[in-house]
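The values are calculated or read from the model by the stated rules, or taken from the named source; none is laboratory data. Keep in mind the model is a prediction, meaning the values are calculated, not measured. Backbone-built Cβ (ideal geometry, glycine too); neighbour counts: all protein chains shown. Please note that ligands, DNA and RNA were not included when accessible areas were found on the heavy atoms of the full protein model with its side chains. Shrake-Rupley method; radii C 1.70, N 1.55, O 1.52, S 1.80 Å.
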Protein chains: 2
Amino acid sequence: MTRERLVALTDRGLVDRTGLISHGRGEAFDYLLGERTTAAAAAAAKAAAAHLLRARNPVICTNGNATALDPENLIKLATMVPAKLEVNLFHYSRERMEGLIGYLEQHGAEDVRGRDPDARIPGLTSDRARCTRDGIFDSDVILVPIEDGDRAEALVAMGKTVISIDLNPLSRTSRLASVSISDEMTRALENIMASVAELRGDEAAISEAISGFSNKDNRRRTVEQICRSLTAEFDQR
Amino acid sequence: MTRERLVALTDRGLVDRTGLISHGRGEAFDYLLGERTTAAAAAAAKAAAAHLLRARNPVICTNGNATALDPENLIKLATMVPAKLEVNLFHYSRERMEGLIGYLEQHGAEDVRGRDPDARIPGLTSDRARCTRDGIFDSDVILVPIEDGDRAEALVAMGKTVISIDLNPLSRTSRLASVSISDEMTRALENIMASVAELRGDEAAISEAISGFSNKDNRRRTVEQICRSLTAEFDQR
């Protein structure tokens with residue numbers, strides 16, 4: 001079903017065809033992780049929720065694939081935190097931007113940013129540098145589901161707390177992010193929302209979720225989990 | 001470049017869009033294998049060459065993705081063995097079949113089978129059962145690059161020696177095949193050709209390459225290699 005949805009949105013020009021290839025890469029890692037949330041991914045989602053709750057200007061940055069995969073939960077999380085929702089494209093065109101914002105609006109989103117970029121992410125050339133000043137540019141905590149490595153790097157260089165959702169724990173995005181969630185996007189968003197509900201109002205728990213989290217240790221646990229799954233899967237058959 | 005080629009052939013209707021997602025899954029495993037031929041993949045390629053040389057009626061079965069990725073080496077191997085080359089599609093249409101055969105002919109292939117199927121692979125419903133009687137149906141050794149699990153299973157059930165090229169060592173195709181090469185297709189084809197050149201005429205070496213090969217042990221080595229690569233990659237960074 002997910003594949004069919006992505007293919008259908010490719011036909012409408014909302015998902016780039018190379019986005020289908022990226023999605024396949026994600027599927028392979030999801031398979032290696034057992035297609036479920038690992039303990040490491042749950043811990044990262046909790047740290048992510050804490051950062052979002054503590055943020056001055058939290059932003060959820062979405063692209064073609066992320067929007068196509070799960071507009072509902074992106075909007076739900078943005079409303080819940082609350083955080084701004086901004087569309088930012090690697091393969092930019094006016095039509096694609098309008099199409100994706102329209103798609104989010106059809107799913108109930110309001111105030112989606114991205115139509116009128118008035119700032120640029122330093123260090124990036126090309127259209128993907130384009131962003132809004134009071135959205136991505138000014139954000140202190142930014143959630144980037146399915147991001148490319150260059151942009152993740154540029155956002156980290158701006159001093160932002162970058163939360164990534166990327167199934168590959170060794171990708172440049174996962175390595176550079178402050179909090180890397182290696183999980184399928186829908187599961188990751190639902191876990192962040194559960195932690196937002198749990199942590200909200202409990203400042204001590206929020207502080208502990210932030211300071212007690214080591215992203216490097218957590219990524220190592222993900223890598224170890226992949227090896228355990230692979231070996232167990234092999235031995236079972 | 002490979003991605004651009006696949007996307008371009010998707011636009012021409014030769015590669016199915018879900019084939020882009022499959023390609024992405026392969027890319028992820030290729031990355032985990034270090035984007036090079038492992039010792040296990042080299043051993044499997046040698047066993048594959050031995051089986052092809054000893055075959056009564058060897059066939060190379062190609063589909064949209066395989067044809068798009070490397071028509072040159074598919075044709076080269078078919079000529080070298082020699083083996084018959086047959087197009088067999090999961091998402092069949094007359095136009096796509098003609099398009100893919102035409103694409104192979106543009107690259108110098110002659111006698112490509114698949115236009116006029118006159119037999120069916122038992123146990124498969126739908127169009128992908130369609131094959132030629134003196135090609136896939138009658139083959140004793142069949143090379144299937146980038147195959148789907150159902151068809152691999154049906155071919156094994158027909159008693160054929162199935163050689164797969166599939167980057168995922170745990171896929172149904174890899175598990176069911178007689179010889180599973182977990183390597184990127186071009187590298188796998190080039191390694192098979194090198195082994196064909198080395199083994200040809202040396203019947204003792206051919207027998208040894210066949211009898212000394214355990215596919216299960218070899219797949220286990222691939223899984224272990226993925227874990228070593230992941231851990232080394234993590235520690236390096």
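Restrict the search to segment A:24-64; then list the trypsin sites (Lys or Arg not before Pro) that DSSP places in a loop and that have at most 15 other Cβ atoms within 10 Å of their Cβ. Before the final figure, lay out each step's value.
Values: sites: A:Arg25, A:Arg36, A:Lys46, A:Arg54, A:Arg56; in loops: A:Arg36, A:Arg56.
When the trypsin sites (Lys or Arg not before Pro) of segment A:24-64 are filtered for loop state and at most 15 Cβ neighbours within 10 Å, A:Arg36, A:Arg56 remain.
Residues of segment B:199-236 that bury at least 30 Å² of accessible area once all protein chains are present, compared with their chain alone (1.4 Å probe, heavy atoms only, ligands and nucleic acids left out), are B:Lys216, B:Arg220, B:Val223, B:Cys227, B:Leu230, B:Phe234.
A simple spin-label model places pseudo-atoms 7 Å from Cα toward Cβ; at B:Asp235 and A:Glu35 they are separated by 3.3 nm.
Using only the C-alpha atoms of segment B:2-235, find the volume of their convex hull and express it per residue in Å³. Provide the component values of the computation, followed by the final result.
Values: hull volume 25.9 nm³, N = 234.
In segment B:2-235, the Cα convex hull volume per residue is 111 Å³.
By the rule of a C-alpha distance below 27 Å, with chain neighbours fewer than 8 residues away ignored, the lysines paired with A:Lys216 are A:Lys46, A:Lys160.
Using a probe of 1.4 angstrom and keeping all protein chains present, the accessible surface of segment A:2-235 works out to 39 square angstrom per residue.
Computed over chain B with a Gaussian network model linking Cα atoms closer than 10 Å, the most mobile of B:Asp116, B:Asp70, B:Asp148 is B:Asp116.
Within segment B:84-185, list the GluC sites (Glu not before Pro) lying in a DSSP loop whose Cβ has at most 11 other Cβ atoms in a 10 Å radius. Intermediate results must be reported in sequence, preceding the final value.
Numbers: sites: B:Glu86, B:Glu95, B:Glu98, B:Glu105, B:Glu110, B:Glu147, B:Glu153, B:Glu184; in loops: B:Glu110, B:Glu147, B:Glu184.
Answer in residue order: B:Glu110.
Find the sum over both chains of the accessible area lost when A and B are paired, probe 1.4 Å, and report it in Å² to the nearest 100. Intermediate values should be presented prior to the final figure.
Values: alone 11110 and 11130 Å², together 19070 Å².
Summed over both sides, the interface buries about 3200 Å².
Interface burial in segment B:21-37, defined as at least 40 Å² less accessible area with all protein chains than with the chain alone at a 1.4 Å probe, covers B:Ile21, B:Arg25, B:Ala28, B:Phe29, B:Tyr31. For B:Arg36, the distances from its label point to the matching points in the remaining copies are 3.7 nm, ordered from shortest, with each point set 7 Å beyond Cα toward Cβ. Residues whose amide H lies under 5 Å from that of B:Thr62, counting only those 5 or more places away or on a different chain, are B:Glu86, B:Val87, B:Asn88; hydrogens are built 1.01 Å from N in the peptide plane.
For chain A, what is the mean residue ellipticity at 222 nm derived from helices alone (per DSSP H run of n ≥ 4: -39500 (n - 2.57); sum divided by total residues; nearest 500 deg cm²/dmol)? Let's see the in-between values first.
Details: 11 runs with 131 residues, N = 237.
Mean residue ellipticity, 222 nm, calculated: -17000 deg cm²/dmol.
Pop the C-beta distance of A:Asp140 and B:Arg220 into the FRET formula with R0 = 51 Å and round what comes out to the nearest 0.05. Mind showing how you got there, number by number?
Details: r = 48 Å, r/R0 = 0.94.
Efficiency for this residue pair is about 0.60.
Positive contributions from Lys and Arg (+1) and negative ones from Asp and Glu (-1), summed over other residues with Cβ under 13 Å from the Cβ of B:Arg5, come out at -1. Dividing the alpha-carbon radius of gyration of segment B:147-196 by the rule-of-thumb value 2.2 N^0.38 Å gives 1.11. Shown for the protein assembly as shown: cysteine residues without a partner Cβ closer than 4.7 Å, namely A:Cys61, A:Cys131, B:Cys61, B:Cys131. Per residue, the convex hull spanned by the Cα atoms of the protein assembly as shown measures out at 146 cubic angstrom. Looking at chain A, what % of its DSSP beta bridges pair antiparallel, to the nearest 5? So the antiparallel bridges in chain A amount to around 10 percent.
Distances between copies of A:Gly108, taken at a point 7 Å out from Cα along the Cα→Cβ vector and listed shortest first: 6.0 nm. Here segment A:130-163 is scanned for amide nitrogen atoms under 18 Å from the site 7 Å beyond the Cα of A:Met80 along Cα-to-Cβ, giving A:142-146, A:163. Under 19 Å from a point placed 7 Å out from the Cα of A:Ser207 along the Cα-to-Cβ direction: which residues of segment A:30-56 have their backbone N that close? Correct set: A:47-56.
With all protein chains present and a 1.4 Å probe, how do A:Arg220, A:Arg133 order by accessible area, largest first? Working shown, then result.
Numbers: A:Arg220 90, A:Arg133 120 Å².
My answer, sorted largest first, is A:Arg133, A:Arg220.
Considering only chain A, the C-beta nearest to the rotation axis that sends A to B is found at A:Gly24, 1, the distance in whole Å. In terms of the mean number of neighbouring beta-carbon atoms within 10 Å, the peptides A:3-10, A:165-172, B:27-34 order highest first as A:165-172, B:27-34, A:3-10. Looking at the protein assembly as shown, the DSSP beta bridges with both ends there are about 10 percent antiparallel. Counting from the shortest, the label point at B:Glu4, 7 Å from Cα toward Cβ, is 3.4 nm from the same position in each remaining copy.
Would you work out what percent of the accessible area of the protein assembly as shown, with all protein chains in place, is carbon or sulfur (probe 1.4 Å)?
Values: 9150 of 19070 Å².
Ligands and nucleic acids excluded, carbon and sulfur reach 48 percent.
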